[in-house]
Amino acid sequence: MAELILGQVLRFEGNPMEDGPSAARHFPRGAVLVEGGHIRAVGEAEDLRRAHPAAEVTDCGSRLLSAGFVDAHAHYPQTAMIASWGKRLIDWLNSYTFPEEMRFADPAYAAGIAERYFDLLLAHGTTSVCSYCTIHPESVEAFFAEARTRGLRAWAGKTCMDRDTAPQGLRDTAQSAYDDSRRLLERWHGVDRLSYVITPRFAPTSTPEQLSALGALWAENPSCLMQTHLSEQTDEIAWVKSLYPEARDYLDTYETHGLLGPGGLFGHAIHLEPRERDRLREVDASLIHCPTSNTFIGSGLFDMDGLARAGQRIGLATDTGGGSSFSMLRTMAAAYEVAQLRHRALHPAELWWLATQGSARALRADDRIGNLAPGMEADIVAIDLSSTPAIAQRAAQAEDIWEALFPTIMMGDDRAIATVWIGGRRVARPA
Ligand code: GUN
Ligand code: ZN
């Protein structure tokens, strides 16, 4: 049975980072027709009602219908230690992250956090995520099992660390990382809406042998994405230099081991050398901007303007729990603030695109998710643009959709998420 969802509709017909805000299309009284888990039509409510009189109608009133948010870099195992105080990257990892990740050796603990994580994700309107797990295969099983139950399009991989820079109890080996990753990949990659991602945590916690083994695994499975961290903090970069004295730069530690390619996802990418920028652009790898994390851990200011102008492929992400929020609204606000500090005001259309189509494009899935268009998978959110008194009083003054949307971008959270559809199925609070 087809469902016709009525509301304000926001969709993209181009890339506002390149074409400006007119790449977005707003239907003040629009509709989305959903059937068989996919979007069949998007347009004026009146036209679609007339063309599809038998469809079941869900009227969301003045709520904004958009593609669900796509979070291109997260650590679901860090759910329980998000917002841990006072450390910078390396101390933060050692003090908070690694002790929490050790708990995922217990499959019951992993399953409990996976369930909690997906509850939070959907409450915040995020309908797709690409997550790190821990070194434990159990953590990957827990993530994919939960994502599959809920029908999400999701990406994840076993985080690999074999160097003595990682604590004992949180280390694999080059061989076991290869073997476990391969087994998990064969078990989960392409099952329903799930994809396996080859996941060396970052160069400082892997030996060159492990990076090579994972590079070989990627070469054997080129349909997989590969995710890792790159140039997040300056002391991390100095550390990489001391551990890999032969490397030309941080990116070279990945490049020389077969871990630079078009399906590469490089989290943070703040303090890049010109050679690194050039190579990332040449191979068309994805840079994942994690602005709440970058301010929270004190990492630095991502060069959105310069990198976007250079034609880099850029996604947006929470990086929970280095990031301080599960919300892609809050993440858009932080992206706006970080860009402002570099003298570039991102337009609401650009921010919204980054949180939906941009992240989907970074994950090479923009033909399936991240937009409201015929043929796309029906992952949809209905957003309340007056979800708090502070937002409502500002939005009431708005003269166009962007002025109406921007207060929700800057001040909104899970209270703004009215309804969520995953693959055409409504999963949260009815409209
Ligand atoms: N670099 C290596 N591991 C991590 C992590 O878990 N979070 C962040 N923000 N950076 C990292
Ligand atoms: Zn991360």
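Each value in this text was obtained by applying a stated rule to the coordinates, not by laboratory testing. This structure is a prediction, so every number in the text was calculated from the model and none was measured. Quick reminder, even Gly has a Cβ in these numbers, built from the backbone with ideal geometry, and neighbours come from all protein chains shown.
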- Message: Give me the mean projected area, in nm² to one decimal, of the convex hull enclosing the Cα positions of the range 267-411.
- Response: 9.5 nm²
- Note on the structure: Shape descriptor, the range 15-116: equivalent ellipsoid semi-axes (Cα gyration tensor, sqrt 5λ, whole Å, largest first) stand at 44, 20, 11
- All-pairs alpha carbon distance profile, the range 32-174, 5 Å steps from 0, percent: 2, 8, 16, 17, 14, 12, 8, 6, 6, 5, 3, 2, 1, 0
- Query: So which GluC sites (Glu not before Pro) in the range 329-431 end up in coil per DSSP with only 14 or fewer other C-beta atoms within 10 Å?
  - Reply: Glu399
- Additional length obtainable on full extension of the chain from Leu341 to Arg425, 0.36 nm per residue less Cα span: 26.2 nm
- Query: Please identify the trypsin sites (Lys or Arg not before Pro) of the range 311-382 that satisfy two criteria: DSSP loop assignment and at most 15 other Cβ atoms within 10 Å. Which are they?
  - Reply: Arg342
- Item | Debye log10 I(q)/I(0) at q = 0.18, 0.26 Å⁻¹ for the range 245-317, Cα point scatterers | -0.68, -1.27
- Message: Could you give the length gained by full extension between Thr173 and Val283, i.e. 0.36 nm per residue of separation minus their alpha carbon distance, to one decimal place?
- Response: 36.7 nm
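Taking R0 as 30 Å, what's the FRET efficiency between Glu44 and Ala390 from their Cβ-Cβ distance, rounded to 0.05?
Details: r = 32 Å, r/R0 = 1.07.
E(calc), rounded to 0.05, equals 0.40.
Using the 10 angstrom Cβ neighbour count as an exposure proxy, how do Ile270, Ile288, Ile5 rank, fewest first?
Working: Ile270 21, Ile288 27, Ile5 31.
With the fewest neighbours first, Ile270, Ile288, Ile5 line up as Ile270, Ile288, Ile5.
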- Kindly provide the Kirkwood hydrodynamic radius of the chain in Å, to one decimal, from all pairs of distinct alpha carbon atoms. 21.6 Å
- Message: Between Gly323, Gly412, Gly298, where does the largest GNM mean-square fluctuation fall for the chain, given springs only between Cα atoms within less than 10 Å?
- Response: Gly298
- Task: Extending each Cα 7 Å along its Cβ direction at Ser62 and Arg29, get the distance between those two points in nm, one decimal.
- Result: 1.5 nm
- Given charges at beta-carbon only (K, R positive; D, E negative), |dipole| of the chain in Debye: 520 debye
- Message: Could you tell me the center-to-center distance, by alpha carbons, between the range 149-184 and the range 233-255 in angstrom?
- Response: 22 Å
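To the nearest µm²/s, what D does Stokes-Einstein give for the range 329-431 at 10 °C and 1.306 mPa s, using the Kirkwood radius over alpha carbon pairs as Rh? Let's see the in-between values first.
Details: Rh = 14.7 Å.
Taking Rh from Cα pairs, D becomes 108 µm²/s.
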- Farthest positive-ward along the range 190-289 dipole, Cα basis, beta-carbon charges - from His229, Ser212, His289: His289
- Task: Return the whole-Å distance between the Cα centroid of the range 51-124 and the Cα centroid of the range 264-279.
- Result: 26 Å
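What number comes out for the charge environment of Gly267, summing +1 per Lys or Arg and -1 per Asp or Glu over other residues with Cβ under 9 Å away?
Values: positive: none; negative: Glu232, Asp319.
Here the count lands on -2.
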- Nearest-20 debye value, the range 228-369 charge dipole, Cβ charges on Lys, Arg, Asp, Glu: 360 debye
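Give me the extension gain from Glu246 to Arg183: residue separation times 0.36 nm, minus the current Cα-Cα distance, reported in nm with one decimal.
Numbers: separation 63, 0.36 × 63 = 22.68 nm, distance 3.22 nm.
Answer, rounded to one decimal: 19.5 nm.
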- For an R0 of 35 angstrom, estimate the FRET efficiency from the Cβ-Cβ distance between Glu399 and Ala51 and round to the nearest 0.05. 0.65
